[in-house]
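Novice: Just dropping this structure here.
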Amino acid sequence: MATSVPPERLTRHEISWLLAQEARGAAKTLRTEVDELRAPGEVRITVPSPVETTLDALDDTIEMLSALNTKGRDKGRHGRIDLAALLVELAPNSRVAIEPGAGTEVFGDEVELRRMFHLLIGQASGRSPAEAEIEMTVRRQGDFVRISANLGPDTAALGELERRWLSRMALRHGGAIELEGGTHSILLQADGASDQREVTELRKELEQAQQLGEAYARELAAVLAAGDVRTEAPPASRADPEHFSGVKTLAAAMHRALRGAADSPATVQELVQELGGIAECSLETEKENVDLGAELRAVGAQLEPHASRAEVEIRYDAARNIVQRIARPTLALLIRNLLLHAIAATPRGGVVKAAVHRTELGTALSVTDEGPAVPEASRWEVIRHQGDPTRFGRPAGVALVVADAAATAANATLELRESADGHTETWVTLGR
C-alpha cells in the first residue's frame with residue numbers, strides 16, 4: 001500500500017512538471033543565444049546544422065514531456081477564487097488576518113491554488129494545513145493579492161525544490177514569490193486587475209481623441225469664418241468596386257468585434273492596438289530573405305502575454321533555414337493576425353500549432369487552432385467576413401480579414417482547411 005506524500009513535499013508528478021518548465025526555459029535561452037550568434041553584424045558566426053537539429057529535437061522532447069504532465073491532471077473549478085476564504089477553509093486553526101483593500105479574489109484553477117497553499121502552510125508549520133497553527137495575512141497590494149505566512153525561526157525547512165515549484169506556479173498565475181526574513185509571501189494577480197489597467201488606458205486614449213476632435217473643430221470653424229471654402233464641386237472619384245468591397249469587409253469585421261464592447265473594454269483596447277499596427281505597416285518596404293521559422297517564433301513570442309491571458313499555449317513546428325523573399329513588415333503582420341485569430345478560436349486550456357512547410361507550390365505557413373472546422377462551401381464567406389463567422393463557431397474580429405489582406409499584399413494565398421481531428425487549419429502559400 002502506497003504511503004501518502006506529506007503536504008510540505010512535492011509529489012513525483014509535480015517534480016516532473018517543474019523539470020519540464022525548467023528545461024523549457026533553458027532551451028529557450030539556448031536558442032536565443034544561438035540566434036544572437038547567427039544575427040548579421042560585424043562578425044557573423046555560422047551555426048552548424050547539427051546544432052539546429054539538436055535544438056529542434058530538444059523542443060520536441062520538452063513538448064512531449066509537457067503534454068505527458070498535462071494529460072490526466074485533475075482540473076478543479078476554474079474561475080474567480082476568493083483566496084481569503086480558501087485559506088480559512090484550509091487552515092481553520094491558523095490565524096488569518098485579512099487587511100482591508102480592493103478585494104482578495106483571483107482568477108485561476110482552484111486545485112492549483114489549493115495545492116500552493118497546502119505547500120506554503122506545510123512548509124511554514126511542518127504540519128498539515130488542518131493541524132497548522134500559524135499566522136498568515138491576506139491583503140490587496142496594487143494589482144496583486146499578497147498571501148504571507150510566518151515561517152518561524154527555522155526558515156531552512158523550506159526546500160529548494162518546493163521554493164522553485166511555488167515560484168513557477170506563481171509565475172503561471174501572473175505573480176511571484178518573496179522571502180523576507182521569516183515571512184514567505186506569494187503574490188498573485190488580482191481578478192480584474194489587467195482589465196482595470198486596460199480600461200484606464202482606453203479612457204486616456206478616448207480623452208486624447210476628444211481633444212484632437214476639438215482641435216479639428218476649432219480649425220474648421222476658423223476656415224469657415226475666413227471664407228476659405230471651396231465653392232465648386234470636387235472632381236468625381238474613379239469608380240472602384242474592389243476598394244469599397246475591402247472597406248465594407250473591414251467595417252463588418254469591426255462591427256462584429258465591437259458589438260457588446262461596453263461589457264468588455266479590453267476588446268476595444270486590443271482592436272485599437274491591432275488597427276494601429278496595421279496603420280504602421282509599410283507596403284513599400286523592400287523585399288529581403290527572411291527565415292520563416294525564426295520570424296514565426298519571434299512574432300509568436302510577442303503574443304505570449306496575450307496567449308497566457310487567454311490560457312492558450314502556442315507550439316511551433318518551424319524548421320530553420322526555410323527562407324522566403326518577402327517584405328518583413330508584411331510577413332510579421334500576416335503571422336501576427338494568423339496567431340491572433342487562432343488564439344481567439346481556441347478554448348481555454350487549448351493549444352495553437354504554428355508550422356512552416358515546403359510544398360510543391362513553394363513555402364507555406366499553417367496555424368491550427370482548436371475551434372470547429374468551417375464547411376467547405378462557407379470558407380470564403382468566413383475569410384472575407386461576408387457573413388457572421390460566429391454561426392460556424394469562429395471568432396468575430398478583424399484578425400482573419402487583416403491576415404487575408406496581408407497575404408494578398410505578399411502575393412500569397414490564404415485558405416481554410418479542416419484538420420485531421422476536425423479543427424481549423426489556416427494555410428498561407430507564399431510561393432517560391
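Conditions tested, residue by residue: (1) over 17 Å from the mean Cα position of the chain (by Cα); (2) among the small types (Gly, Ala, Ser).
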residue: 344; (1), (2): no, yes
residue: 347; (1), (2): no, no
residue: 353; (1), (2): no, no
residue: 357; (1), (2): yes, no
residue: 376; (1), (2): yes, no
residue: 381; (1), (2): yes, no
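Novice: Quick one: residue 391 ticks every box in (1) open to solvent by 50 Å² or more (accessible area, probe 1.4 Å); (2) over 24 Å from residue 297 (Cβ atoms); (3) in contact (Cβ under 8 Å) with a residue 60 or more places away in the chain except a single one, so which number is it?
Specialist: Among (1) open to solvent by 50 Å² or more (accessible area, probe 1.4 Å); (2) over 24 Å from residue 297 (Cβ atoms); (3) in contact (Cβ under 8 Å) with a residue 60 or more places away in the chain, residue 391 violates only (3).
Novice: Another question about this same structure. Out of curiosity, is residue 302 crowded, with 18+ Cβ neighbours inside 10 Å, at pLDDT 65 or above and either polar (S, T, N, Q) or under 27 Å from residue 208 (Cβ atoms) (or both)? Steps first, answer last, please.
Specialist: Details: crowded, with 18+ Cβ neighbours inside 10 Å: no; at pLDDT 65 or above: yes; either polar (S, T, N, Q) or under 27 Å from residue 208 (Cβ atoms) (or both): yes.
No.
Novice: Same structure again: Out of the residues in segment 77-101 that are more than 18 Å from residue 186 (Cβ to Cβ) and either open to solvent by 60 Å² or more (accessible area, probe 1.4 Å) or not in a strand (DSSP E or B) (or both), which is modelled with the lowest pLDDT?
Specialist: Here is the first cut: in segment 77-101, the residues more than 18 Å from residue 186 (Cβ to Cβ) are 77-79, 92-93, 100.
With either open to solvent by 60 Å² or more (accessible area, probe 1.4 Å) or not in a strand (DSSP E or B) (or both) added as a condition, the list becomes 77-78, 92-93, 100.
On the way: 77: 66, 78: 70, 92: 87, 93: 86, 100: 61.
So the residue we want is 100.
Novice: Any residue at all in segment 134-142 that's open to solvent by less than 30 Å² (accessible area, probe 1.4 Å), within 22 Å of residue 108 (Cβ to Cβ) and modelled with pLDDT of 85 or more? Let's see the steps before the verdict.
Specialist: Kept after step one, since they are open to solvent by less than 30 Å² (accessible area, probe 1.4 Å), are these residues of segment 134-142: 134, 136, 138.
Keeping just the survivors that are within 22 Å of residue 108 (Cβ to Cβ) gives 136, 138.
From what's left, modelled with pLDDT of 85 or more: 136, 138.
Within segment 134-142, one or more residues are open to solvent by less than 30 Å² (accessible area, probe 1.4 Å), within 22 Å of residue 108 (Cβ to Cβ) and modelled with pLDDT of 85 or more.
Novice: Kindly indicate the residue of segment 355-380 that is of a type in the set (Val, Ile, Thr) and part of a strand (DSSP E or B) and also modelled with the lowest pLDDT among those meeting that condition. Lay out the reasoning, then the answer.
Specialist: Residues of segment 355-380 of a type in the set (Val, Ile, Thr): 356, 359, 363, 367-368, 374.
From what is left, the residues that are part of a strand (DSSP E or B) are 356, 359, 363, 367-368.
Values: 356: 93, 359: 84, 363: 91, 367: 96, 368: 95.
Among them, the one singled out is 359.
Novice: Considering each residue of segment 395-430, count those that are surrounded by fewer than 23 Cβ atoms within 10 Å (Cβ to Cβ), farther than 21 Å from residue 324 by Cβ and not aliphatic (A, V, I, L, M), and give that number.
Specialist: The qualifying residues number 6.
Novice: Give me a count of the residues in segment 88-100 that are closer than 12 Å to residue 129 by Cα and touching a helix residue (DSSP H, G or I) at 6+ places or on another chain (Cβ under 6 Å).
Specialist: So the answer is 2.
Novice: Only one of these conditions is not met by residue 338: (1) farther than 30 Å from residue 188 by Cα; (2) at pLDDT below 90; (3) within 15 Å of the chain's Cα centre (by Cα). Which number is it?
Specialist: Failing condition for residue 338: (2).
Novice: Need the failing condition index for residue 316 against (1) open to solvent by 10 Å² or more (accessible area, probe 1.4 Å); (2) part of a helix (DSSP H, G or I); (3) closer than 28 Å to residue 347 by Cβ, just the number.
Specialist: (2)
Novice: Considering only residues of segment 102-117 that are buried (at least 18 other Cβ atoms within 10 Å of the Cβ) and not charged (D, E, K, R), which is nearest to residue 149 (Cα to Cα)?
Specialist: 117
Novice: Does residue 376 fit the bill of being open to solvent by 20 Å² or more (accessible area, probe 1.4 Å) and within 30 Å of residue 328 (Cβ to Cβ)? Don't jump to the end; show me each part of the working.
Specialist: Values: open to solvent by 20 Å² or more (accessible area, probe 1.4 Å): yes; within 30 Å of residue 328 (Cβ to Cβ): no.
Answer is no for this residue.
The values are calculated or read from the model by the stated rules, or taken from the named source; none is laboratory data. If you're wondering where the values come from, they're calculated on a predicted model, not measured in any experiment. Neighbour counts are summed over all protein chains in view; Cβ atoms, including those assigned to glycine, are modelled from backbone coordinates with ideal geometry. Calculation scope for accessible area: heavy atoms of the full protein, side chains included, ligands and nucleic acids excluded. Shrake-Rupley method; radii C 1.70, N 1.55, O 1.52, S 1.80 Å.
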